[in-house]
Amino acid sequence: MQEKIAVLMGGQSLERDVSLISGKRVCDALEAQGYRVLALDVTPDLVTTLRSERPDAVYIALHGKYGEDGTVQELLEFLGIPYTGSGVTASALAWDKALSKRLFRAEGIPTPAWVTFTAAAFKQMGAATALDLVPGAVGGFPVVVKPAKQGSALGLTKVDGPEGLAEALLTALSYGDTAIVEKWIDGLELAVSVVNGPSGEARVFPPVEMEPKSGLFDFSAMYTPGETDYYVPARLDEPTMAEVTGMAARVHRLLGCERVSRVDMVVGGDGVPYVLEVNTSPGMTETSLLPMAAASAGMDFQELVGHLVRSTLDATR
Amino acid sequence: MGTARVVFDRWSDRYAERMADVRSSAVRDLFAAATRPDMISFSGGMPEIRRVPIEAVVGATTAALRDSGTEALQYGSSEGRPAIRQVVVDLMAEIGVRVKPDDLAITAGAQQALDLIAKIFIDPGDTIITEGPTYLGALQAFSAYQSNVVCIPMDEHGMRTDLLAEELKRLGPQGAKFIYTIPNFQNPAGVTLTPSRRRELLELAREYDIPVIEDDPYGRLRFEGGHCMPLRALDDEVIYLGTFSKIFAPGLRLGWVIAPHPIMARFMLAKQAADLCGSAFAQTTAERYFADTRWRRVLQDLTRAYAERRETMVASLAEHFPAEARWTVPEGGFFVWVEMPSFLDLKSILAEAVERGVTYVPGDAFFPDGRGRNCMRLGFCYAEPDAIREGVRRLAEVLEDRLELYRAFAAAGALPTVDDPTDERG
């Protein structure tokens, strides 16, 4: 008898729409491989449904808050249901860009200079009086201002000078209680996907290069067809390619990611690959970066999904 | 292994220039998140269709098919069936507009009329005049023809005709192709153009020889105040757009346009190219529905429900909203327009509102040029009164929290002073 897989999708996050598309595609891919598939939107009935249906594993096709930050992972561990993707700690670390960047810095992994602000620091401690120190702290403008915990580049603004900084911070803080001001690195933007192979070894897919026509890979560039050109594998020379793939594997291990992650980087004019963030629940839509990378490595969407589920099931044997 | 450029849409360099500005927006995605079940939506403009008696519609549909099935299922005339046009003639007479069936055509909602009017009037780069803010669907229809939209600010009496006069003078003769206005319970501002301003608007249009397009979807949904004569009742040259969407149901996609005969002739050429003819099936159904006088009671019932919701929303705003907020109190229609201090960006705050389970439309959607970010449109038409109270309460919490943050920035002198022309609104 084929195993029963529950696919979690939708939920309450701001990326609900993207998640529903990812989830639907994952369901189709699993059904085509003969699994019994249970498509579940995340509602207050979720736990009751999971307890009565008793799936053999859960595929987490959620994006954003609660699906990617360790919340649903913690719950599934409590319920004793194996799930695809990274565990609680890795999820929480990757979700919080302020935390993961600290870890990169501590481990000597290049990441653009940054400062972090919480809403409370502004409201209760007068942090807004020190915004003049920001350029000095990160090495000057331009900077990127973004929420520390949010996906799909929602709330992201590129700021070219001091006059736009406050407004960008207020925008970012509308998407969460913490904002990051990060030095803008002019260069090649890359998404490097990593999956764990049969014996657990990290396998790095060919890096995908994003070239947004507006110059900024924001929400609109991500989801409007034709707004961004993608190149697979990225147009890198051999030494840089080796460095990029090595670093992706290293970051995947460092955060403790399991089965799959997507490491976003930018290769600066100095040739140095800087790690921006790690995504533990990469998008699985038709235009998403992970499936694009897998396809370039000769692994089609069905194989990719099948691999993630099979390795989850095997790990519990 | 060679690098491959990944192509999702290999036709992307073949599309027309006029679609180039239409992009995916983050706001659109936030509304997708708003499909979750516990969400209270103030963002839509959907009529309370649950109060339309389905049995009456079943009766109308059955009768339409039984008595004139071969006509209902056949192609019809481009201007619409004579019987439905007679229904419109009678409806218009009730609001003081005397027309003959020949003076009007049935369209697929008033939206089709907007598109076709834009098509017959606008060349790329042409200037047109609207209220600011104005109906989003009109902006979309007009911008697809690459028009340059000039917005005239409003106050509680509707479009500022003194500013319209200035603008017309500045633009000079032949400066604008037409003036588009929603005089009753304007979408999104909720204000109504006063009788004296109606006359001033028409005088200016005559003086500068500019067609006026009067869009009147909400005119019959009046809660209070006196009846205002439609512009079309005061001037036969006005192009009038009406719709069955609010007095019957939007699902039928039935609207109408009344225009001077030369304009109508152009309009019909464009319409034939667009759709040959409208749905004869929908038209026969509406003919039957309006043949029975029950529709008047349904409309009264609907209007009472909207009035109660308007009351609830306005009372809840007064109870919960921050002291800095200003809002309009509409005498009818669907929408309240809220204005916050100019430094508050309601577009970015929408993310937090969605997170807290309430939606609205940020004001900049109703301007062609990014203005109105400190404003929002709240639709009271669809949520039940209890939900309206709860939604306003949630929204007030979000705004209060944001204001605290903005005050902290302002106190530190970190906020640039925003030069926002919507501040002219009285």
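Summary table
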quantity	calculated
Qualifying residue in segment A:71-79 (condition: within 13 Å of chain B (Cβ to nearest Cβ) and either within 29 Å of A:Leu154 (Cβ to Cβ) or not acidic (Asp, Glu) (or both))	no
Given (1) more than 30 Å from B:Glu224 (Cα to Cα); (2) more than 10 Å from chain A (Cβ to nearest Cβ); (3) in contact (Cβ under 8 Å) with a residue 12 or more places away in the chain, number of the condition B:Val392 does not satisfy	(1)
Test for A:Val72: is it over 24 Å from B:Gly357 (Cβ atoms) and crowded, with 17+ Cβ neighbours inside 10 Å	no
Those residues of segment B:348-358 which are surrounded by fewer than 24 Cβ atoms within 10 Å (Cβ to Cβ) and touching a residue at least 12 places away in the same chain (Cβ under 8 Å), in sequence order	B:Glu352, B:Arg356, B:Gly357
When residues of segment B:310-362 are limited to those that are among the aromatic types (Phe, Trp, Tyr) and within 14 Å of another protein chain (Cβ to nearest Cβ), the one farthest from B:Ala412 (Cα to Cα)	B:Tyr360
Every pair of residues 6+ apart whose Cβ atoms lie under 9 Å, when the first sits in segment B:192-210 and is without any contact (Cβ under 8 Å) to a residue 40 or more places away in the chain while the second is of a type in the set (Gly, Ala, Ser)	B:Leu193/B:Gly158; B:Thr194/B:Gly158; B:Pro195/B:Gly226; B:Arg198/B:Gly158; B:Glu200/B:Ala165; B:Glu207/B:Ala165
Residue that is surrounded by 18 or more Cβ atoms within 10 Å (Cβ to Cβ) and of a type in the set (S, T, N, Q), where the choices are B:Asn187, B:Asn148	B:Asn187
The one condition in (1) within 12 Å of another protein chain (Cβ to nearest Cβ); (2) out of contact with any Pro (no Cβ under 9 Å at 6 or more places or on another chain) that A:Ala179 fails to fulfil	(2)
Any hit, segment A:99-114, residues being within 14 Å of another protein chain (Cβ to nearest Cβ) and modelled with pLDDT of 95 or more	no
Subset tally (residues that are within 11 Å of another protein chain (Cβ to nearest Cβ), surrounded by 14 or more Cβ atoms within 10 Å (Cβ to Cβ), of a type outside the set (Val, Ile, Thr) and touching a residue at least 60 places away in the same chain (Cβ under 8 Å)) for segment A:225-247	2
Within segment B:1-37, considering residues that are exposed (fewer than 10 other Cβ atoms within 10 Å of the Cβ) and in contact with a Ser or Thr (Cβ under 9 Å, 6 or more places away or on another chain), the one modelled with the highest pLDDT	B:Pro37
Per-region count, segment B:50-91, residues assigned to a loop (DSSP other than H, G, I, E, B), under 28 Å from B:Met264 (Cα atoms) and not small (Gly, Ala, Ser)	5
Residues satisfying the stated conditions in segment A:1-16, i.e. in contact with a strand residue (DSSP E or B) (Cβ under 6 Å, 6 or more places away or on another chain) and in a strand (DSSP E or B)	A:Lys4, A:Ile5, A:Ala6, A:Val7, A:Leu8
Selection status of A:Phe117, out of contact with any Cys (no Cβ under 8 Å at 6 or more places or on another chain), buried (at least 20 other Cβ atoms within 10 Å of the Cβ) and at pLDDT 95 or above	yes
Filter result (more than 8 Å from chain B (Cβ to nearest Cβ) and either crowded, with 22+ Cβ neighbours inside 10 Å or of a type in the set (A, V, I, L, M, F, W, C) (or both)) within segment A:131-143	A:Leu133, A:Val134, A:Ala137, A:Val138, A:Phe141, A:Val143
Test set (1) more than 12 Å from chain B (Cβ to nearest Cβ); (2) over 18 Å from the mean Cα position of the chain (by Cα); (3) buried (at least 16 other Cβ atoms within 10 Å of the Cβ) - A:Val251 fails condition number	(2)
For A:Trp95: the one exception among (1) more than 14 Å from every other protein chain (Cβ to nearest Cβ); (2) of a type in the set (Phe, Trp, Tyr); (3) within 29 Å of B:Arg407 (Cβ to Cβ)	(3)
Of all residues making up segment B:244-278, the number that are under 17 Å from B:Thr62 (Cβ atoms) and touching a Leu at 6+ places or on another chain (Cβ under 9 Å)	1
Criterion (more than 14 Å from chain B (Cβ to nearest Cβ), crowded, with 21+ Cβ neighbours inside 10 Å, at positive phi and in contact (Cβ under 8 Å) with a residue 12 or more places away in the chain) met by exactly one of A:Gly34, A:Gly11, A:Gly64, A:Gly85	A:Gly85
Qualifying residues in segment B:168-184 (those that are crowded, with 19+ Cβ neighbours inside 10 Å and among the aliphatic types (A, V, I, L, M)) - the one farthest from B:Ala110 (Cα to Cα)	B:Leu168
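Yes/no matrix, rows are residues, columns are (1) surrounded by fewer than 23 Cβ atoms within 10 Å (Cβ to Cβ); (2) touching a strand residue (DSSP E or B) at 6+ places or on another chain (Cβ under 8 Å):
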position: A:Val145; (1), (2): no, yes
position: A:Ser152; (1), (2): yes, no
position: A:Ala166; (1), (2): no, no
position: A:Gly176; (1), (2): yes, yes
position: A:Ile185; (1), (2): no, yes
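For every residue, the table says whether it meets (1) surrounded by 22 or more Cβ atoms within 10 Å (Cβ to Cβ); (2) under 18 Å from B:Gly190 (Cβ atoms); (3) without any contact (Cβ under 8 Å) to a residue 12 or more places away in the chain.
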{"residue": "B:Phe244", "(1), (2), (3)": "yes, no, no"}
{"residue": "B:Arg253", "(1), (2), (3)": "no, no, no"}
{"residue": "B:Trp256", "(1), (2), (3)": "yes, no, no"}
{"residue": "B:Leu276", "(1), (2), (3)": "no, no, no"}
{"residue": "B:Tyr306", "(1), (2), (3)": "yes, yes, no"}
{"residue": "B:Phe321", "(1), (2), (3)": "no, yes, no"}
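The values are calculated or read from the model by the stated rules, or taken from the named source; none is laboratory data. The model shown is predicted, which means the values in this text are computed figures rather than measured ones. Please note: Cβ atoms are built from the backbone with ideal geometry, for glycine as well, and neighbour counts cover all protein chains shown.
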